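The values are calculated or read from the model by the stated rules, or taken from the named source; none is laboratory data. Bear in mind the structure is a predicted one, so any value in this text is a computation, not a measurement. Here the Cβ positions follow ideal geometry from the backbone for every residue, glycine too, while neighbour counts run over all protein chains shown.
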Amino acid sequence: MYTRVTLISFVLLFTLAIAISAVGDTTTHWAVTTSIDKVFLVKYENGTVASYQAASISGSFFTGVSSYNGYVFVADKISVNGTSTAVLRVGHVVDLFTDPAIEWVGEPIVLAQGNEVLRDPKTVTVDSNGGIYVIGGRYQDNYNKLHSNYAYITSSNNWAGADVSVVNLQTTSLADIDTLGTHAMIAHRDVYSIVADQTWVTRVDGSTVMSTQNLDDQGYLPSAIAAGTNGYTYIANGATEDDPAIGLENIGSISIMDNELMFRVGPAFQLDTFRPTDISFFTLNGVNYLGLVGDDEGFSQAIRLTLGEDGLPLPLSGLYHRLDASTDHFCTVSADGSLMWATNPQTNTVTALDTLTWTSHTEALPGAAGYIAMLTSREVPEPASALALFTGIIGLAGYARVRRTSRF
């Protein structure tokens, strides 16, 4: 009888532990965002947003940021011997639940390989193997030809050193990059094609360019890209050619591409007067969505679109939320899909949007918040998770003790 009661107690304690852990995991979310020379960690918990200045480096010009397995990767542009140089800074998060900070690991990694030098670093993203992609701005060579390039950085010794490859993509103007497993998708324009502003996508695997495709779907001026886990990639466009006789119009749109075939899925999905600046794909309760931020005739909006089983946005599925006015916004979504972060560089704010109710909470930062990424951490569990683990261990120990006693 005693053994049965203890077993039931253990089961109840273990169930309670899982429940407490689940609540803790879904009510606390972290993100990392960059200002000009500062990095902030931002926390959302129980309807409240709080920010912490985690690092500051005088003379830096931070841009893209990403996170993987407790590390934070920040693109920076600094002066080296009087020359503007693109670098990647690597740090790890410490004291996340007491006094959040970032401790930098080693020296900044120069984003160059021989004569191929990355210029004006922008988006940073991480593949499933922990390799880092950084895309660069457009530049002109000695023969007046336009180029863009991207860097791929790996490390086999916890970032005490790094291997850097820089890949030239001739005639391109890169907009954004997102990873899909070990691969990455780059949204860009081809400045020397007949229709230079059309939306193109290039698929890369590390330093290897695999394929390039002009989507030719009426979408123009790509601004951002999101690779979905549903088999499709989504590109946010700032313009659309609805009527060839009229030409480009200020109609935002979303280009949709089949990941395997690298081919468009119908014409670009039009967004009317809304012109997106960033896009995220996420799944919540088994349903796929797109989250977008951008400008709508002078007003800034965050939009949630529901995706059908065919990967296309469902008509009339949009939820809209007004944001503070800005010419630029960036966004990212938590790993569980329950929270979307949006930054506003003009008002120095970061907004947390509940993706189910599409309601928001906003926090002011002492700096112009720009690129943002969800934070992944290797730190010790939060109090709720720690309590769950402790409770489970106590229950298991009690059950083991009764098992030993019952033998005698």
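Residues 233, 229: which one is within 19 Å of the chain's Cα centre (by Cα) and in a loop (DSSP other than H, G, I, E, B)?
229
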Selection within the range 314-358 - touching a Ser or Thr at 6+ places or on another chain (Cβ under 7 Å) and among the aromatic types (Phe, Trp, Tyr): 330, 341
Criterion violated by residue 88 - all others in (1) in contact (Cβ under 8 Å) with a residue 60 or more places away in the chain; (2) more than 17 Å from residue 374 (Cα to Cα); (3) part of a loop (DSSP other than H, G, I, E, B) satisfied: (3)
Residue within the range 249-262 that is modelled with pLDDT of 95 or more and among the charged types (D, E, K, R) present: yes
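Output the strands (runs of 3 or more DSSP E) that fall wholly within the range 91-170 and possess 3 or more residues being at pLDDT 95 or above and in contact with a Leu (Cβ under 8 Å, 6 or more places away or on another chain), or say none. Show your work before the answer.
On the way: elements: 101-104, 124-126, 132-135, 146-154, 163-170.
Because the criterion is at least 3 residues that are at pLDDT 95 or above and in contact with a Leu (Cβ under 8 Å, 6 or more places away or on another chain), the strands (runs of 3 or more DSSP E) in the range 91-170 that meet it are 132-135, 146-154.
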Count of the range 316-347 residues which are under 19 Å from the mean Cα position of the chain (by Cα) and either surrounded by fewer than 17 Cβ atoms within 10 Å (Cβ to Cβ) or of a type outside the set (S, T, N, Q) (or both): 13
Close pairs from the range 152-166: first under 14 Å from residue 108 (Cα atoms), partner among the hydroxyl-bearing types (Ser, Thr, Tyr) and in a loop (DSSP other than H, G, I, E, B), Cβ under 6 Å, at least 6 apart: 162/155
The range 187-214, subset outside any strand (DSSP E or B) and at pLDDT 95 or above, residue surrounded by the most Cβ atoms within 10 Å (Cβ to Cβ): 199
